[in-house]
Amino acid sequence: MGLLTILKKMKHKEREMRLLMLGLDNAGKTTILKKLNGEDLSTISPTLGFNIKTLEHRGFKLNMWDVGGQKSLRSYWRNYFESTDGLVWVVDSADRLRMEDCRRELACLLQEEVHTHTHTLACLLQEERLGGATLLVFANKQDLPGALSKEAIREALGLDEILTHHWCILGCSAMTGENLLKGVDWLLDDIAARVFNAD
Ligand code: G3D
Ligand code: MG
C-alpha cells in the first residue's frame, strides 16, 4: 500500500473531505455555500481571495473552499489543488454569452499544461494535483427563465469527453436550494467509494 493510500485512509477515518468550489465569477459559488450552511442570502458580495466553510453532513466534515473566480484570480486556483477530494464546478446556466469561456476554463483546469497559459476546465482536471478528484458540475440558477438545461450545458462544456475523472452534472438553484444536497451526497458517495477501493 502506497503512502498516499495510507494518508487517504487516515483522512477517511477522520471522515474529513476537502472540496474545492470553482467556476467563473458570478456563477453562484458563494450563494451555494451559504444556502448549504443555512445562512442569510441577502448579504453576498463578490469573493475577494477565498473563504472556507466547514459543513457537517452525514457524519462527514466537509471543508469547502470557495475561491474567487475573477479572471485575475484564476491563475491562483492551482494553489488550492493539493489534496482536493472533490471539485465542484459551478455554472451560471443563464449566462449563455460566457458558456464558451466556462468550457475553456474547465477544460484547462482538467489538463493543465506547464507551457500553456490558457486556463480551461479540461486543463484543470489533468493537473497532477487534481488527479482522481471527483467532479460535480452544478448547472446553477435553474430558477431563472432563460437558464440552459443541464443537458445543454453538458454538451456545451464537452463533459462527455472527460474520461480522467468521475463526473456528474446536476441542475440546481442556490436560491431555492433545489438539488444542492443531492449533489453533495453524490460527491460524498463517489469519494468514499474511491477511497475504499484505493488498495
Ligand atoms: P460567485 O461566488 O460564484 O461569484 P455569487 O457568485 O454567489 O456571488 O452569486 C452571484 C449572483 O448570482 C448573486 O446575485 C446571487 O444572488 C446570484 N445567484 C446565485 N445563485 C443563484 C440562483 O440559483 N438563482 C438566481 N436567480 N440567482 C443566483 P447579485 O445580484 O447579488 O449579484
Ligand atoms: Mg463568490
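Taking amide H atoms as placed 1.01 Å from N in the peptide plane, the amide H of K61 lies under 5 Å from those of E16, M17, each 5 or more residues away in sequence or on another chain. Determine the share of region 142-199's accessible area contributed by carbon and sulfur atoms, expressed in whole percent, with a 1.4 angstrom probe. That fraction is 54 percent. 3J(HN,Hα) along region 134-151: 6, 10, 10, 9, 9, 7, 7, 6, 5, 6, 7, x, x, 5, 6, 6, 5, 5 Hz, from the Karplus curve 6.51 cos²θ - 1.76 cosθ + 1.60 with θ = phi - 60°, whole Hz, x for Gly and Pro.
Projection of the Cα convex hull of region 137-199, averaged over all directions and equal to a quarter of that hull's surface, yields 4.7 nm².
The values are calculated or read from the model by the stated rules, or taken from the named source; none is laboratory data. Since we're looking at a predicted model, the values are computed, not measured. The protein model used for the area step is the full one, side chains on, heavy atoms only, and it has no ligands, DNA or RNA in it. Shrake-Rupley method; radii C 1.70, N 1.55, O 1.52, S 1.80 Å.
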